[in-house]
Amino acid sequence: MLTYALYFATACYSLAFLLTMWRVIFAHGVTDRVLALDTMVVNAIALLVLYGIIEGTAVYFEASMIIAMTGFVSTVAYARFMLRGDIIE
């Protein structure tokens with residue numbers, strides 16, 4: 001039963017990833033694109049964690065932590081660029 005739940009969750013997060021990718025491509029403003037990219041990072045982390053649970057290895061959890069840190073820094077950098085026009089002061 002747990003296997004079916006993992007595959008169902010993987011399918012749901014894959015669909016969410018594709019829908020946010022569609023939003024990145026067809027968004028009207030830059031802020032919508034940045035929020036969609038941040039949501040894509042969250043979906044990618046969820047997919048990696050689910051795949052790690054399915055495979056039973058810890059490597060995917062470490063990769064998801066690296067992607068989480070990179071996603072946070074990139075979201076902050078995009079936000080600072082939109083507000084100030086430069087990233088580094």
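Taken together, the values in this text are just the output of simple stated rules run on the coordinates, not laboratory data. As the structure is a prediction and not an experimental result, all values here were calculated from the model. We place every Cβ from the backbone using ideal geometry, glycine too, and count neighbours over all the protein chains shown.
A few comments on the model shown:
- For region 10-25, 3J(HN,Hα) computed residue by residue from phi via the Karplus equation (6.51, -1.76, 1.60; θ = phi - 60°) reads 5, 5, 5, 5, 5, 5, 5, 4, 5, 5, 6, 5, 4, 5, 5, 6 Hz, glycine and proline entered as x.
- Share of Cα-Cα pairs in the chain lying beyond 18 Å, as whole percent: 54 percent
- Each of F8 and L83 was given a label point 7 Å from its Cα along the Cα-to-Cβ line. The distance between the two points is 4.1 nm.
- With Cα atoms, 0 to 90° folded angle of helix 30-55 axis to the chain main axis: 20 degrees
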